[in-house]
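Notes follow the structure.
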Amino acid sequence: MFELTGKSALVTGAGSGIGASVAHAYARAGAAVLVTDVDGDAAAAVAAEITAAGGSAKSAALDVRNGDQAAAAAEQAAALNDGTLNILVNNAGAIAPAMFPNLEEEDFRRIVDIHLVGSFVCSKAVLPYLPSDGSGRIINVTSAAGLVGTIGQANYGAAKAGIIGLTKSLARELAKKQVTVNAIAPLAATKMTENIRSNEKLSAKTLARIPLGRWAEPDEISSSFVFFASDGASYITGQVLPVDGGTVI
């Protein structure tokens, strides 16, 4: 039920962290994976690791805000499976922390563009390749910041909240094509959370809000992506799954 053999996947922001872990997990489950990242070398390194482990993977440099690059990546990913792309994971992200009075408009726009506009651009790019046999999946990455807000990252919170709205709207529209659209709100020890984890005060405050009392490793997050991509989630759409140790209970 949770195998992905015979399926293809495109994962954005997969040069490190959760994205890299998801790419590895998909390959282990049997999918052919296109590993993409704005850092093309990082994407290539992850694809090489997957191949060395016996999986099927290619890589491409991808700025998710660029429609032409997204279209080329979608075509390349579909080519891994005779012109069909089953799974898109919109994972690419960035942060630019600042308290609201000090938050520059440029940084607000940039973070919204990467997270929200990037998810729109890539979802539109893969649409021609998604099958209508019930195996088509779009999996977006949101955050607790999009569910309950956050201090010092209004740009990030706004972008992640927008992704939730995009997820639910696309789920309604694409249901007629039997494509499911869901979102995962993870919390893990990655480069994006390093600024919090390396600050003793911020780390203590964050851990106090996590009932399980620890940060997840990326590999603990990736299994939820495998589930949403699999036949086991064929009747789930428009949902947001927090994988955050209970943070948003």
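Take the conditions (1) in contact with a strand residue (DSSP E or B) (Cβ under 9 Å, 6 or more places away or on another chain); (2) β-branched (Val, Ile, Thr); (3) over 22 Å from LEU116 (Cβ atoms); VAL11 misses just one of them, which is (3).
For region 210-230, the candidate set comprises residues that are surrounded by 16 or more Cβ atoms within 10 Å (Cβ to Cβ) and assigned to a loop (DSSP other than H, G, I, E, B); within that set, the residue that is modelled with the highest pLDDT is SER230. Looking across region 202-249, the residues that are within 15 Å of the chain's Cα centre (by Cα) and among the polar types (S, T, N, Q) come down to SER222, SER223, SER224, GLN239.
For (1) among the polar types (S, T, N, Q); (2) over 20 Å from the mean Cα position of the chain (by Cα); (3) over 27 Å from TYR26 (Cβ atoms), each residue gets a yes or a no:
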residue	(1), (2), (3)
ASP82	no, yes, no
ILE87	no, no, no
ASN91	yes, no, no
PHE100	no, yes, yes
GLU106	no, yes, yes
ARG110	no, no, yes
ILE114	no, no, no
SER119	yes, no, no
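In the set GLY245, GLY232, GLY157, GLY165, only one residue is in contact with a Phe, Trp or Tyr (Cβ under 6 Å, 6 or more places away or on another chain) and either under 25 Å from VAL121 (Cβ atoms) or in contact (Cβ under 8 Å) with a residue 24 or more places away in the chain (or both); that residue is GLY232. Within region 29-60, can you find the residues that are surrounded by 17 or more Cβ atoms within 10 Å (Cβ to Cβ), of a type in the set (D, E, K, R) and more than 18 Å from ASN90 (Cβ to Cβ)? LYS58, the sole residue that qualifies. Listed by position, the strands (runs of 3 or more DSSP E) enclosed by region 87-199 that each have at least 3 residues that are of a type in the set (Val, Ile, Thr) are 137-141, 180-186.
Output yes when any residue across region 33-52 is farther than 23 Å from PHE227 by Cα and either in a loop (DSSP other than H, G, I, E, B) or touching a Lys or Arg at 6+ places or on another chain (Cβ under 8 Å) (or both), and no when none is. The answer is yes; a qualifying residue exists. Would you call ILE114 within 18 Å of ILE139 (Cβ to Cβ), free of Cβ contacts under 8 Å to residues at least 60 places away in the same chain, surrounded by 18 or more Cβ atoms within 10 Å (Cβ to Cβ) and among the β-branched types (Val, Ile, Thr)? Spelling it out, ILE114 is indeed within 18 Å of ILE139 (Cβ to Cβ), free of Cβ contacts under 8 Å to residues at least 60 places away in the same chain, surrounded by 18 or more Cβ atoms within 10 Å (Cβ to Cβ) and among the β-branched types (Val, Ile, Thr). Can you pull out every residue in region 1-28 that is open to solvent by 10 Å² or more (accessible area, probe 1.4 Å) and either under 15 Å from ALA77 (Cα atoms) or not in a helix (DSSP H, G or I) (or both)? Result: MET1, PHE2, GLU3, THR5, GLY6, LYS7, GLY13, GLY15, SER16, ALA27.
The values are calculated or read from the model by the stated rules, or taken from the named source; none is laboratory data. Bear in mind that the values here come from a model prediction, so they are computed numbers and not experimental data. Every residue, glycine among them, receives a Cβ derived from its backbone with ideal geometry; neighbour counts consider all protein chains shown. What goes into the accessible areas is simple: the full protein's heavy atoms, side chains included, and nothing from ligands, DNA or RNA. Shrake-Rupley method; radii C 1.70, N 1.55, O 1.52, S 1.80 Å.
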